[in-house]
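Notes follow the structure.
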RNA sequence: UGAGUGAGCGACGGGUGUUCGCCGGAGGUUGGCAACAACCUCGGGAGGAAAGUCCGAGCUCCGCAGGCGAGGAUGCAGGCUAACGGCCUGUGGGAGAGAUCCCGAGGACAGUGCAACAGAGAAGAAACCGCCCGCAUGUGCGACCGAGAGGGAGCGCCCGCGGGUAAGGGUGAAACGGUGAGGUAAGAGCUCACCGCGGCGCUGGUGACAGCGCUGGCAUGGCAAACCCCAUCCGGAGCAAGACACAACAGGGAGCGAAGGGGUAACCCGAGAGGCUGUGCCGGCCGAUGCUCCCGGGUAUGUCGCUGGAGGCCGUCGGCAACGGCGGUCCUAGAGGAAUGAACGCCACGUCGUCGCGGGCGACCGCGGGGGCGAACAGAACUCGGCUUACAGUGCUCUCUCACCGG
RNA sequence: UCGGGGAUCGUCUAACGGCAGGACGACGGAUUCUGGCUCCGUCUAUCUAGGUUCGAAUCCUAGUCCCCGAG
């Protein structure tokens, strides 16, 4: 794949697809909580793009509602790649009530949570990964 | 005329544009020995219930001579179907004013059970209050008869014995046929008429059953969604089935393990067979519980199973119908942390105001313009046939209610 | 995908097909100077919809929700 150029695509390599990866991320990763989501960030230690994994249990909604939440979360990931640090596995766990939100509310909540992480304990680590990220190109 | 209510039946379950994306398919370009990867083009990508997972099958693996039993399911008849607990057409019941709808609808003389409370009595019954007959008969009053002794109809109160009876009272969800008449001491299917029930016969029907006739006085009380009996059906598991290819680790086998040394031996030491440091040399590090190869097993993982099928639509023929035959035509989801989306529009649709035009005596209706609001239930995970449940709107039929208009 | 179990006062739990009981709690009262303890009394429930039965928490059917197990 083309090195590091962040388009708006969402190929399979940018997803967490193995159960083991989910488990290690949830076991070792850092957690950021918001009202309707839990975001787990785990540094794989290997160079590569950010990968997204989604967890929506049956408590969130019925199948249609769970699908919608996942699609919107993917859309947030896809259109706001600069907010997701490379090398990290990002697992987003939806909580009860997430299905009642509209797209804008979900986007705002996720981005706010990620920004809070940077402003917090991650400040010491500075922005070395983020610096190499090119700003998103115009569509 | 309009609005609404309830019930039933049927079909449907929006279309489309732009931008950015997703899934798998075909073709092409580039890179690579190849597997493959990236990109480009083309066309495809949720449902009537995809849902619940309640039945029935296909498919796959395991098991299997046959019989009996256990366990489970079904239960009016005939038909349809690959099959079904499904569907169709009927039969018999039930509900309703009606359109119409509902029914697990075999057996209670095979056996075992259950029925609280009330009531005399609750199962092949009983005699409480009653009614009737016979016998026995206490006490008070006592018309009347008699000269008297005494007898004594009758009335009041109290108390039996034996028998008849199942009509009446009352209890209950249910009391061993119902109503009426005759009959009787009083009563009783004791007799009769009608109804119900059973049996037999005839007729119609493939049958469930229906109609008619004769007959029995009725020993058919209820509950089997109590145990159960009878009849029929059922081997078990499920695509995480199952098949194939194969890492690591562990297991088995073979080979290597110098010179030299120790030990009876297994084996050990060792300047080292070999490995790491990208490769070669030097150097460094590790190093016999090691290294290399082979074997079967088959985990992680990958591939297959994986979608063209008891398929949809149209026509025609047979059938009341479910359905079937024939002909034509169409096929376009196949993922695997799980695609079919997001944003902004346009057009249809429904609804609420409003404006214009047309129709009608009128209540109102139709068409058009512009605007606001709304759009359900729900997401394929091997595939079919059903059932059940959820659902915005829309069509038809029937019922009822209200408002208004005309007569 | 398959299998099992459950739902009863606010909570935890009982109940051969026959009046839904108990404990804690709540409320009211008594006792106390007040509160607690104690005593007395009261209130409150069968998950939903149908069906069988004279009668259903119990039996049957459908649905909703919860819990557990197997791969």
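The values are calculated or read from the model by the stated rules, or taken from the named source; none is laboratory data. All values derive from a computational prediction rather than experimental measurement. Cβ sites come from the backbone with ideal geometry, for glycine too, and all protein chains shown count toward neighbours.
Within 10 Å of RNA strand B (Cβ to nearest atom), at pLDDT below 85 and surrounded by 19 or more Cβ atoms within 10 Å (Cβ to Cβ) - does that describe any residue in the stretch A:59-76? Yes, there is a match, as at least one residue in the stretch A:59-76 is within 10 Å of RNA strand B (Cβ to nearest atom), at pLDDT below 85 and surrounded by 19 or more Cβ atoms within 10 Å (Cβ to Cβ).
Is it fair to say residue A:9 is in contact (Cβ under 8 Å) with a residue 60 or more places away in the chain, assigned to a loop (DSSP other than H, G, I, E, B) and out of contact with any helix residue (DSSP H, G or I) (no Cβ under 6 Å at 6 or more places or on another chain)? First the steps, then the outcome.
Details: in contact (Cβ under 8 Å) with a residue 60 or more places away in the chain: yes; assigned to a loop (DSSP other than H, G, I, E, B): yes; out of contact with any helix residue (DSSP H, G or I) (no Cβ under 6 Å at 6 or more places or on another chain): yes.
It is true that residue A:9 is in contact (Cβ under 8 Å) with a residue 60 or more places away in the chain, assigned to a loop (DSSP other than H, G, I, E, B) and out of contact with any helix residue (DSSP H, G or I) (no Cβ under 6 Å at 6 or more places or on another chain).
Checked against the criterion of being surrounded by 13 or more Cβ atoms within 10 Å (Cβ to Cβ), at positive phi and more than 12 Å from RNA strand B (Cβ to nearest atom), the candidates A:48, A:29 yield just one match: A:48. Residues in the stretch A:27-41 that are at pLDDT 85 or above and either within 26 Å of residue A:9 (Cβ to Cβ) or not in a loop (DSSP other than H, G, I, E, B) (or both): how many? Looking only at that region, the number is 9.
In the stretch A:55-87, how many are in a helix (DSSP H, G or I) and either closer than 22 Å to residue A:41 by Cβ or in contact (Cβ under 8 Å) with a residue 60 or more places away in the chain (or both)?
14
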